[in-house]
Amino acid sequence: MIAVLQRVKKAQVSVCGSVIGKIDSGLMVLFAVENGDTKEHMEKLCDKMINMRIFGDENGKMNLSILDTGGSLLLISQFTLTADCRKGRRPSFINSAQPDIAKSLYEKTAEYIRKKYGVKCETGEFGADMQVELINDGPVTIILDTKELM
């Protein structure tokens, strides 16, 4: 699994002109599932990103997690994070999990974040053409990959 975390002041996602997910301060996370990813990968990734200390404390140092700040999370499925661009000019998505597996793990990820951590977790629509708007805070962008976490 791959997750791109962006610290935001606010973010929202729309489908066909209608806002379907919206948060204020927190994390906007682009999320992709790769072949072989499991529930254990998902839990490890969630535990890492929810506890990532990338929010400023009273001294402006990145010492606080989303749990510490009471922030929210906007989770957006984005299979293109799995792109293999080593050959040619057209990316290959052969490493991307099959849609049914990816959708299931995407939905389980949102539910895991809500239930285990009590964090408000809004989502996009899996497989839809989405428009994402955000105001970066910092900017702070962190890339997590379960191949490096497991």
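Rank LEU105, ALA83, GLY26 by how far each Cα sits towards the positive end of the charge dipole of the chain (+1 on Lys, Arg Cβ; -1 on Asp, Glu Cβ) and give me just the farthest.
Towards the positive end, the residue furthest out is ALA83.
Give me the percent of the accessible area of segment 1-134 that comes from carbon and sulfur atoms, probe 1.4 Å, all protein chains in place.
Here carbon and sulfur together make up 47 percent of the probe-accessible area.
Where Lys and Arg each count +1 and Asp and Glu each count -1, what net charge lies around TYR117 among other residues with Cβ under 15 Å from its Cβ? Don't skip to the end; give the middle numbers.
Details: positive: LYS44, LYS48, ARG53, LYS108, ARG114, LYS115, LYS116, LYS120; negative: GLU43, ASP47, ASP68, GLU111, GLU122.
Overall, the nearby charge balance is +3.
Please give the helix 99-117 orientation as an angle from the longest Cα principal axis of the chain, in degrees from 0 to 90, rounded to the nearest 10.
Compared with the principal axis, the helix lies near 20 degrees.
Could you give the dipole magnitude of segment 41-136 about its Cα centre, charging the beta-carbon of Lys and Arg +1 and that of Asp and Glu -1, in debye to the nearest 20?
440
What length, rounded to one decimal in nm, is gained on full extension from LYS44 through to ASP68, with 0.36 nm per residue of separation minus their alpha-carbon distance?
So the extension gain works out to 6.7 nm.
Using only Cα atoms and rounding to the nearest 10 degrees, what angle (0 to 90) does helix 39-51 make with the longest principal axis of the chain?
So the inclination is approximately 30 degrees.
Roll a 1.4 Å probe over the protein chains and send me the accessible area per residue for segment 81-150 in Å².
On the way: 4830 Å² over 70 residues.
Ligands and nucleic acids excluded, the figure is 69 Å² per residue.
Alpha carbon centre of segment 4-57 versus segment 123-150: separation in Å?
5
Just the number, please: percent antiparallel of the DSSP beta bridges in the chain, rounded to the nearest 5.
Among the beta bridges of the chain, antiparallel pairing accounts for roughly 75 percent.
Using r as the Cβ-Cβ distance of GLN98 and ILE20, and R0 as 30 Å, what FRET efficiency do you calculate, to the nearest 0.05?
Rounded to the nearest 0.05, the efficiency is 0.80.
Using only DSSP helix segments of four residues or longer, with each worth -39500 (n - 2.57), what per-residue ellipticity at 222 nm results for the chain after dividing by its residue count and rounding to 500?
Using -39500 (n - 2.57) per qualifying helix, the result is -8000 deg cm²/dmol.
Say we join alpha carbon atoms closer than 10 Å with springs in a Gaussian network model of the chain; which of VAL29, VAL19, VAL119 then has the biggest fluctuation?
Judging by the Gaussian network model, the answer is VAL19.
What number comes out for the charge environment of ASP137, summing +1 per Lys or Arg and -1 per Asp or Glu over other residues with Cβ under 10 Å away?
Neighbourhood net charge equals +3.
The values are calculated or read from the model by the stated rules, or taken from the named source; none is laboratory data. The structure displayed is predicted, hence computed values, not measured ones. All Cβ positions, even for glycine, are placed from backbone atoms using ideal geometry, and neighbour counts span all protein chains on display. For the accessible areas, the whole protein counts, side chains as well, though only heavy atoms, and no ligand, DNA or RNA atoms are used. Shrake-Rupley method; radii C 1.70, N 1.55, O 1.52, S 1.80 Å.
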